[in-house]
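Undergrad: Here's a structure for you.
The values are calculated or read from the model by the stated rules, or taken from the named source; none is laboratory data. Remember, it's a predicted structure, so these values are computed and weren't measured experimentally. All Cβ positions, glycine included, derive from the backbone under ideal geometry; neighbour counts span all protein chains shown. These area figures cover heavy atoms from the full protein model, side chains too; ligands, DNA and RNA do not enter into them. Shrake-Rupley method; radii C 1.70, N 1.55, O 1.52, S 1.80 Å.
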Amino acid sequence: MAAIRVLVVDDSALMRRLITRLLESRGYNVIDTAADGEEAVAKICALKPDVVSLDLEMPVLDGLGVLRRVMKECPVPVVMLSSHTTAGARATMRALSLGAVDFVAKPSGPGRLDAMIDELVEKLRAAATVTASKLVRPWVGMVFHPFPAGKAGPSLPPPRGERLENAWTPPGPPGKPAGASSKKEVPPVIPAGTGSFPERHAGTPRPSMPPVLRPAGRSPSGAPAGGAADTGKAKADPDITAGGIMPRLAVVPKRSARIDLVVIGSSTGGPAALQVIIPALPENFPAAVVLVQHLPVGFSGPLAEHLNRRSRLPVKHVEEGDPVIPGRVLVAPAGFDLTFRGRPGHVTVHLDAGSGPVPPGGFRPSVDGVMLSAAEIFGSRVMGVLLTGMGRDGARGMAAIREKGGPTIAQDESTCVVFGMPKAAIDLGAALKVVPLGEVAGEIVRLV
């Protein structure tokens, strides 16, 4: 079998040499290196490597700029190298939404380079198997286009942290005021890149849907604890693109909810998949949601913040004792085991840092651990959802939920970046439904 062809992109000559030497010692074929973003784009499109190791922080054109151009001009699997800083973690979440397959955190101290390379080797191998069709994220940054002339759209709240620009009210039928309609229209597509929905106080009316939404430059009041507030003047999203498809806003059926908690597990490709699913959940969603995404310590908070900006539901980075309540999304913090305490209607989250290192092949938190605990507390009133990712984490948890009578959903192979975790659950007979990514949110709402 031919060696995997890698292009190494880093502005540090020392890092380029070290990464090249260590990758080649593990059987990779480093076909070239690049020292800045412009050089990287040119070499990626010319050499067509199997996979790219890309530093986020570079001169001329940074890693995000490289991704924007490459995914439009010559898509290729990319694994990012990210710093542990808050800004680096936020940029990493952005990179994953733009098409990066995965990321590796740079060493936080001396003597950690070998561990980073070991992780990079594993993730480059997985990324090299991803096809170009699964890399492009056309929904990112889409601008909302209003209904055609003469058709009315529903009134929806603007995204959290957003402000209305040129507020638009759809025309109604003759003899009725603007915005009125005798026929209910299908909700419009709400793109992930336009931000998340603001918290409203009681009695505040919903404004009409605007043609364009842009960031207000301020952190939403529902931002996760510990996240730094964004400051500065409002400016257009740099990732606005034309075209693309987002799942339609799911509508909650008019009946009593059958589910109290939805547990969603994911790994490689998960952050981008979550940006499709969570923004499509309606603000009257009648169950709690807990997200378990495999991430290094320091990156789950920015993920929560990133989703919070783009979602109708408030998204919070979990803290000890947080109540599990309907209509709120909780993101499990990296580095902690997460379990549930109490009884249905009065359930809280318990976090445990553990007494030792995570065993090889294990995770903290693990999807299995969270789902097993949820099945024990909620019984048949918990739903399990397993998305793209390497390994088998979540298969046992999904099986436990099915044994309790709860519904389970697995993402299908055609839309998974890596079909490891969902496949393990399917092979175990633990998946009640297997659906493409674009249908997951609708299926969650239908079953809840």
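Undergrad: What is the spin-label model distance, in nm, from Thr85 to Asp427 if the labels are put 7 Å beyond Cα along the C-beta direction?
TA: The two pseudo-label positions are separated by 4.2 nm.
Undergrad: Tell me, in nm to one decimal, what length is gained between Glu122 and Asn29 on full extension, where the rule is 0.36 nm per residue of separation less the Cα-Cα distance?
TA: Value of the extension gain: 32.0 nm.
Undergrad: With a 1.4 Å probe and all protein chains kept in place, how much accessible area does Asp32 have, in Å² rounded to the nearest 10?
TA: Around 50 Å² of this residue is reachable by solvent.
Undergrad: Sequence-distant or interchain residues sharing an amide H contact under 5 Å with Ile409, placed H: which?
TA: Gly384, Val385, Leu386, Leu432, Lys433
Undergrad: Ok, one more. Among 395-402, 302-309, 114-121, 322-329, what's the highest-first ranking by average C-beta atoms within 10 angstrom per residue?
TA: 302-309, 395-402, 322-329, 114-121
Undergrad: Also, quick follow-up: Name the residues whose placed amide hydrogens come within less than 5 Å of the amide hydrogen of Ser82, ignoring near sequence neighbours (fewer than 5 apart) on the same chain.
TA: Distant-sequence amide H within range of Ser82: Val104, Ala105, Lys106.
Undergrad: Work out the FRET efficiency for Glu73 and Val252 from their Cβ-Cβ distance, taking R0 = 45 Å, and round it to the nearest 0.05.
TA: 0.65
Undergrad: Over the range 1-116, what is the mean sequence separation of C-alpha contacts under 8 Å (at least six apart), divided by residue count, expressed as relative contact order in percent?
TA: Normalised by residue count, the contact order of the range 1-116 is 22 percent.
Undergrad: Using modelled amide H (1.01 Å from N, peptide plane; none on Pro or chain starts), what sits under 5 Å from the amide H of Arg328, excluding residues fewer than 5 places away?
TA: Val289
Undergrad: Tally Lys and Arg at +1 and Asp and Glu at -1 over the other residues with C-beta under 13 Å from the C-beta of Ser355: what net charge comes out?
TA: -1
Undergrad: Same structure again: Could you tell me which of the pairs Lys43/Lys72; Lys134/Lys433; Lys404/Lys433; Lys123/Lys404; Lys72/Lys423 are separated by over 25 angstrom between their Cα atoms in the structure shown?
TA: Pairs exceeding 25 Å: Lys123/Lys404; Lys72/Lys423.
Undergrad: To the nearest 0.05, how large is the calculated FRET efficiency for Ala42 and Ser108 if R₀ is 41 Å and r is the Cβ-Cβ distance?
TA: On the way: r = 32 Å, r/R0 = 0.78.
Rounded to the nearest 0.05, the efficiency is 0.80.
Undergrad: First select every other residue whose beta carbon is under 12 angstrom from the beta carbon of Pro107; then total the charges, Lys and Arg +1, Asp and Glu -1.
TA: Numbers: positive: Lys106, Arg112; negative: Asp114, Asp118, Glu119.
Local net charge: -1.
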